[in-house]
Amino acid sequence: MNADAGPRGAAVVTGAAGGIGAAVVHALAGQGVDVGAVDVDKAGLDALAGAARSASGSVLPVPADVRDAGRSQEAIERVERELGPVGMLVNVAGVLRPGPVAGLTDDDWAETFAVNVWGVFHMSRAAVRAMIPRRSGAIVTVTSNAAGVPRVGMAAYAASKAAATMFTKCLGLEVAHHGIRCNVVAPGSTDTAMQRVLWESPDGPPDGDPAVMGDLAKYRVGIPLGRVAAPSDIADAVLFLLSDRARHITMHDLYVDGGATLRA
């Protein structure tokens, strides 16, 4: 991200060890941004940092559990010490516990909200504490199109993503007068490990994949563009919202789902 394109300072990305998070880290580092990569998967973070060595921006592995408020605060503080002022935060860390409500356990529900909601709260609070005195910053929370459209077997996930979406918009309203923007990117089906849990084959979506073709029995339309997203598709949207090209955009919810929700 060149000097006239986006917020100044380092970036923090959660859920950075794989999928969309890793794609965001690579995209930022490729544009010269120093990135603190946060995840519970230390080995995955080390591999990510190794793969990004040729990028113009550095990648600092920061093993931390976003469910823990103290560790989240420490992660932001470490990035500030080692990479400089944090100007960007991207909340990507998330978990999926699919299944009908009647079969969900208390642990399924609690774990989903611990990562998908509490994690966003912990990291965002820590980030804005650092950003407010500098009167500058940008936060993007990656949620899901399921936050706005009911999905069979996805109640815990959809509810958590809806909560994270509204939290981010409310935060954006609170900190706008400090020059801090807060936006949401809502992907649809994306080729990540989380998505592959829903596929019968680990090799990719099956022929006639309901995510692409739709599933009438589950009241689900397909993807009009006819493809599952790549993580880089989501990363591109995130980088736009972090950049000064989006300097007058805040509290926005950008769906990146190939038209799957018909923007309902």
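No lab work stands behind these numbers, since they all come straight from the coordinates. Source: prediction; values computed, not measured.
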message: If I build a Gaussian network model for the chain, linking alpha-carbon pairs within less than 10 angstrom, which residue out of A29, A43, A93 has the largest mean-square fluctuation?
response: A43
query: By what distance, in whole Å, do the Cα atoms of region 42-142 stretch along each of the three principal axes, largest value first?
result: 48, 34, 21
- prompt: Once all Cα-Cα distances of region 217-264 are split into 5 Å bins that start at 0, what whole-number percent is in each one?
  reply: 5, 18, 22, 21, 17, 11, 4, 2, 1
query: In nm, what is the difference between 0.36 nm times the number of residues separating D46 and I249 and their Cα-Cα distance?
result: 69.7 nm
- prompt: Could you give the length gained on full extension between E77 and M166, defined as 0.36 nm per residue of separation minus the Cα-Cα distance, in nm?
  reply: 29.5 nm
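At 222 nm, what value in deg cm²/dmol follows for the chain if DSSP H runs of at least 4 each add -39500 (n - 2.57) and the sum is divided by all its residues, to the nearest 500?
Roughly -11000 deg cm²/dmol at 222 nm, from the helical runs in the chain.
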query: According to the Kirkwood expression over distinct Cα-Cα pairs, how big is the hydrodynamic radius of the chain, in Å?
result: 18.4
query: Which helices pass in the chain if a helix is a full DSSP H run, must span at least 15 angstrom along its long axis by Cα, and must have mean Kyte-Doolittle hydropathy not below 1.0?
result: 19-30, 231-242
